[in-house]
Amino acid sequence: MRDHPCQPLTGYGPLDDAERIGRATAFRALMAGRRTVREFSEQPVPRAVVEQAILTAGSAPSGANHQPWFFSVIESAPARARIREAAEAEEREFYATKAPQEWLDALAPLGTDPDKGFLETAPVLIAVFGQKRGGPNAGDDKKNYYVAESVGIATGLLIAALHSAGLATLTHTPAPMSFLADICGRPASEKPFLLLVAGHPAVDATVPTAALVKKPLDAIAAWI
């Protein structure tokens with residue numbers, strides 16, 4: 001006997017093996033086309049698309065189901081300009097003094113540099129925060145568990161949802177990212193996890209050839 005309330009499991013309809021393989025293959029093909037983009041169009045993105053993507057992210061599993069994440073959507077031009085200014089200041093220091101040569105060598109094939117113009121060009125920035133305290137209900141003030149793992153999974157779902165809607169994304173992680181909390185007005189109990197840039201790719205957008213290299217199955221998985 002269970003000593004906690006439960007409901008019947010739903011959402012897992014009957015499928016044969018061929019249907020399951022077909023779905024898995026189709027989803028893999030969809031996500032295989034995802035690319036990190038640094039050249040965006042200014043074309044607006046409907047708010048409903050972002051809302052649905054964030055709700056998808058919010059369905060992610062989390063420690064004790066505390067859902068320790070918050071998504072600040074930044075669309076205003078002045079706020080995006082402030083974020084670019086702060087991010088580029090951190091990036092210039094990173095490239096000039098902070099990053100070891102090995103790290104710079106690893107980034108070289110991808111063509112990254114301190115210029116982050118996409119932070120103003122892309123119509124949507126989503127600052128993802130992890131919450132040290134909270135809980136599943138409004139007003140909860142409980143310790144959250146596995147915050148980084150939970151927020152990372154939710155961010156992955158957010159990226160997948162935006163890609164499935166035909167939008168390009170870029171994960172940006174300037175260090176430190178404390179300026180995001182200031183600009184977004186988030187409390188000290190939340191830690192910036194990642195800045196996700198989202199929008200339509202520019203018509204002449206390109207992708208570094210090095211970014212197309214993905215490890216094969218036998219390099220990333222093993223059956224025991």
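The values are calculated or read from the model by the stated rules, or taken from the named source; none is laboratory data. What you see is a predicted model; the values in this text were computed from it and never measured. We place every Cβ from the backbone using ideal geometry, glycine too, and count neighbours over all the protein chains shown. These area figures cover heavy atoms from the full protein model, side chains too; ligands, DNA and RNA do not enter into them. Shrake-Rupley method; radii C 1.70, N 1.55, O 1.52, S 1.80 Å.
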Q. For the chain, what proportion of DSSP beta bridges, expressed in % and rounded to the nearest 5, is antiparallel?
A. 95
Q | Charge dipole magnitude, Cβ of K and R +1, D and E -1 - segment 86-224, Cα centre, debye nearest 20 | A | 540
**Q.** Estimated FRET transfer efficiency (Arg2, Ala64; beta-carbon r; R0 22 Å; 0.05)
**A.** 0.80
Q) Rounded to the nearest whole Å², what accessible area per residue is found for segment 61-215 with the 1.4 Å probe? A) 51
Q) At a 1.4 Å probe, what is the % contribution of carbon and sulfur to the accessible area of the chain? A) 56
Q: Mind checking which lysines have their Cα closer than 22 Å to the Cα of Lys132? Skip sequence neighbours fewer than 8 apart in that chain.
A: Lys142, Lys143, Lys191
Q | Packing rank of 197-209, 100-112, 158-170, where each peptide gets the mean count of other beta carbons within 10 Å, highest leading | A | 158-170, 197-209, 100-112
Q) Which of these values of Cα extents along the principal axes in Å was calculated from the structure shown: (i) 54, 40, 30; (ii) 61, 45, 39; (iii) 71, 49, 34? A) (ii)
Q | Selected from Thr206, Ser164, Trp103, residue furthest toward positive end of dipole (the chain; charges at beta carbon) | A | Ser164
Q | For segment 74-93 versus segment 141-194, the gap between their alpha-carbon centres in whole angstrom | A | 16
Q: Using +1 at the Cβ of each Lys and Arg and -1 at the Cβ of each Asp and Glu in segment 1-70, identify which of His4, Phe27, Thr56 lies farthest towards the dipole's positive end.
A: Phe27
**Q.** Highest to lowest packing among 172-178, 24-30, scored as the average C-beta count within 10 Å
**A.** 172-178, 24-30
